[in-house]
Each structure stands twice: as C-alpha cells, then as structure tokens.
Amino acid sequence: MLSEIGSNFWIDPGESGQTDRKISISDFYLEGADSILLSSGRQAITKAIETAEIRNPGIQKNALLPSFTCETVIEPFLLAGYRIESFPIDRNLSIQGEEIIRLIKKKKIGILIFHHYFGFETISGKTDLLREIKGSKTQVIEDRTQCLYSQIEPAKADYVVGSMRKWHGIPDGAFVVCKEGKFLNRPETPDKELEKAKIAAGRAKYEYLFYHKGKKQDFLEKYEAAENILDHQKELFCISPFSYHMQASMDREKLKNRRRENYLTVLQGLKDVKKIKVMFPALPQDIVPLYFPIWTEDRTNLQKRLKENHIYAPVVWPKAGCLSTVCDAAEGFYRNLLCLPIDQRYGRDDMERMVKVIKKQEEGESMCTQNT
C-alpha cells in the first residue's frame, strides 16, 4: 500500500453495501418526531428551511449563522433568499449563547443554525439559549455533522441535521430530524448518477493505493467529477442504497476508538511544538474528534511540507465570499487553522510519521531564524 494520509476516503471493491441492519437516528444519540435520510448535508438544511417556512408563514428571512463556518452551510439559506447575519466566536472556538440571544433580538432572526466544532462541546450557555428562544418566532437548527459520534447532549432544537459522509467513505448520506410533526414531500429517489460516480472514484483510489493500479490523476479526476454532480443537484434526493447499507454495516465502535487513539497520539507528539497551538489540548471521554485542528501562522508552508510527505491536511474552511465581515477570531481561523487527519483508516505509525514531519518543519524554521 502507498503511504498516503488524508484526503478522500477510498472504497474497498469488496464492499458490496449489503446488510440487513437499519440506520437509526439513535445511532447519533438523537431522537425526534420524524426524520429523513437525504443525499447531503446541504439538502438536509434545505429541507429544514423548507419545513420551517411551511410551518411558520411569514417567517423573517434573516438567518443567523456562526462567523466561522462552511460555505455549504450558508448556501441553502442564500438559495432560499435569506439575509445572512453571523454571530462571533472566541479564540478557543467557543460560542457564547448570550451573544446569540442578543443578536436574535436585535436582528429579527427567522432561523438560527449552530454547530459544534470538530467533535467537541463548544457552545456555552446552550440550555439558557434554547430556553430564551422558546416561544419566540425564531426557528432553531442544530447541525451535528462535526460531533456526529460524540455524546454531546442535543439542544432540543426544532430541527437537527447532519452529514454522515464526512466521517467515512459512503458516496452520500445525511439526515434531518424534526422535534415535532411530520415532514411533507419526502424524497424517495436517490441520485444514481452521484452514487455511481462516487463509487467509481472511491474504488479507483483503493486500487491505486493498495495495488498500484492506474494513475493518481485518474481517481482525482473521478472525485472532481463526482463533487461536480453534488454541487449541481437541483432537487432533493434520498440517500443512495449503497450508502445506506454501507453506513448501516459500519463498525461505529472501531471508528470512535481509532479516532480517539489517533488524536491522543498526535496530542502527545505535539506537546512540545511551540509554534503550533493545539485547539483542543484535552480529549474528554465521550468525545469523538473529526480532525485534529491546529492554529499555525505558517499554515501555507506547513501544509506544503505535509503534502510533500504524502500527508493531506485540509483547510477547514476557506472563507465564503458572502461573509464580508466576521469577528476577529473567525478571521484568524480562516487564515491560520489547519486540520490534521486522524480518521479510522490510520494507526499509531501513521500519526507518529505525521508528527515527525511537523517537528522537522519547526526545526527547519528555527534553523533559518538562527542563520538570518
């Protein structure tokens, strides 16, 4: 096998996507009156917005979102005609509920959406926030994508959404849950074109990594083509059959344990690296991390050095063009946050190799500083 770390998930050609197991929202520590399994997180947010508008005629077309977030979270609101407002975060990636309450009152917010960062509990005053909003006309969406397998108490929001495909190699998959009532107009057709394209890309990467078949550019082009299909979906689709069965048969305990083990290995390895700030220097027992996020003011060079060693650390996230003004902390994260891959495909040796590259990068910088 080639020793790459990170980037797109592969799919084992021996994976048939067949099982008798079922997917339940309780798998993600959730409950609700109704739920739908959709193709993507964007579609889950879209369905939550659509339902909120049906149930609340005349809803204010003002949405309040985190100042540090993904463009795919913002996009459904823009397409639905909402004005985007953002609430601040602090330099520890924490969100203060009191400030959200203030902005809801000031900006006449129709829909609030919030999420935890990278699997950790990052919302202060969540209970007070929901208690204050209860009875108002503001609809609340909790995005659980980043804390999908962490046992963080749900906020009892009006709607809960989450993307499953961020965590392992399923072609598509997301959910939307409502606290009360039933969803109307449930999508019943999967996006077969997307399913086929994603499976082809994932299997091509597997063949390249494990059996040295094909060229790297071949599977990269297949992934790009599949993402293009996803980006241009014009209607809502249900989760594809292959993704459903692959998700249902996944070993969740292995995923959780391996991610935690890898996180702790990197945490120990980076404890003496002075030019990097570890965003979460402790790993509570019930937390399952999505990535290992670090703050580095040398992000471009570090990311380049990692890539030269076949380690692909993503920028999560680039700043969306529609967010012209955000708080200072968010601006800093858009410039300086880098996410190290610690997912279940890898083990201790991989994590130690990644740490070694990071330490060499810092040592090289120190030498350059001393010689100038």
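Scan the stretch 274-285 and give yes if some residue there is outside any loop (DSSP other than H, G, I, E, B) and either over 16 Å from Gly6 (Cβ atoms) or open to solvent by 10 Å² or more (accessible area, probe 1.4 Å) (or both), otherwise no.
The answer is yes, given that some residue of the stretch 274-285 is outside any loop (DSSP other than H, G, I, E, B) and either over 16 Å from Gly6 (Cβ atoms) or open to solvent by 10 Å² or more (accessible area, probe 1.4 Å) (or both).
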_Going residue by residue through the stretch 12-26, is there one that turns out to be under 21 Å from Val161 (Cα atoms), in contact with a helix residue (DSSP H, G or I) (Cβ under 7 Å, 6 or more places away or on another chain) and outside any loop (DSSP other than H, G, I, E, B)?_
no
*Considering each residue of the stretch 201-257, count those that are closer than 17 Å to Pro171 by Cα and basic (Lys, Arg), and give that number.*
3
*In the list Leu270, Leu283, which residue meets the criterion of being touching a helix residue (DSSP H, G or I) at 6+ places or on another chain (Cβ under 8 Å), under 30 Å from Asp27 (Cα atoms) and modelled with pLDDT of 95 or more?*
Leu283
*Can you tell me how many residues in the stretch 91-105 are touching a residue at least 12 places away in the same chain (Cβ under 8 Å) and either of a type in the set (S, T, N, Q) or open to solvent by 50 Å² or more (accessible area, probe 1.4 Å) (or both)?*
6
_Restricting to the stretch 297-313, name every residue that is over 19 Å from Thr265 (Cα atoms), touching a strand residue (DSSP E or B) at 6+ places or on another chain (Cβ under 6 Å) and not in a helix (DSSP H, G or I)._
none
_Residue selected from the stretch 28-50 under the condition more than 17 Å from the chain's Cα centre (by Cα) and open to solvent by less than 30 Å² (accessible area, probe 1.4 Å), by the criterion nearest to Glu227 (Cα to Cα)_ = Lys47
*If only one of Ile89, Ile84 is among the aliphatic types (A, V, I, L, M) and part of a loop (DSSP other than H, G, I, E, B), which one is it?*
Ile89
*Extreme residue, surrounded by the fewest Cβ atoms within 10 Å (Cβ to Cβ), among residues of the stretch 162-173 that are small (Gly, Ala, Ser) and within 11 Å of Leu148 (Cα to Cα)*: Gly162
*asked:* Return the residues of the stretch 223-258 that are over 18 Å from the mean Cα position of the chain (by Cα) and β-branched (Val, Ile, Thr); say none if nothing qualifies.
replied: Ile229
*Is at least one residue of the stretch 107-125 in a helix (DSSP H, G or I) and not basic (Lys, Arg)?*
no
*In the list Phe219, Phe183, Phe242, Phe210, which residue meets the criterion of being of a type outside the set (Gly, Ala, Ser), more than 29 Å from Arg55 (Cβ to Cβ) and touching a Lys or Arg at 6+ places or on another chain (Cβ under 8 Å)?*
Phe219
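From Gly332, Gly364, which residue is out of contact with any strand residue (DSSP E or B) (no Cβ under 6 Å at 6 or more places or on another chain), modelled with pLDDT under 95 and open to solvent by less than 60 Å² (accessible area, probe 1.4 Å)?
Answer to the check: Gly364.
Does Thr72 satisfy being open to solvent by 20 Å² or more (accessible area, probe 1.4 Å), among the polar types (S, T, N, Q), in a helix (DSSP H, G or I) and over 22 Å from Lys166 (Cβ atoms)?
In short, no.
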*Evaluate the following for Ile141: is it outside any loop (DSSP other than H, G, I, E, B), buried (at least 22 other Cβ atoms within 10 Å of the Cβ) and either modelled with pLDDT of 95 or more or β-branched (Val, Ile, Thr) (or both)?*
yes
*Within the set of pairs 6+ apart or on separate chains, which have a first residue in the stretch 41-56 that is closer than 19 Å to Cys147 by Cα, a second that is aromatic (Phe, Trp, Tyr) and part of a helix (DSSP H, G or I), and C-beta atoms under 8 Å apart?*
Ile45/Phe77
*asked:* I'm told Glu53 meets every condition in (1) out of contact with any strand residue (DSSP E or B) (no Cβ under 8 Å at 6 or more places or on another chain); (2) assigned to a strand (DSSP E or B) except one. Can you identify the failing condition by its number?
replied: (2)
*Considering (1) over 15 Å from Ile239 (Cβ atoms); (2) assigned to a loop (DSSP other than H, G, I, E, B); (3) open to solvent by 10 Å² or more (accessible area, probe 1.4 Å), say which one Ser150 fails and leave the rest.*
(3)
*Filter the stretch 335-358 down to residues that are over 24 Å from Thr69 (Cα atoms), open to solvent by less than 10 Å² (accessible area, probe 1.4 Å) and under 22 Å from the mean Cα position of the chain (by Cα), then give me how many there are.*
3
_Selection status of Lys213, within 25 Å of the chain's Cα centre (by Cα) and not hydroxyl-bearing (Ser, Thr, Tyr)_ = no
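The values are calculated or read from the model by the stated rules, or taken from the named source; none is laboratory data. Quick caveat, the model's predicted, so the values are computed rather than measured. Here the Cβ is made from the backbone with ideal geometry for all residues, glycine too, and neighbour counts use every protein chain on show. What goes into the accessible areas is simple: the full protein's heavy atoms, side chains included, and nothing from ligands, DNA or RNA. Shrake-Rupley method; radii C 1.70, N 1.55, O 1.52, S 1.80 Å.
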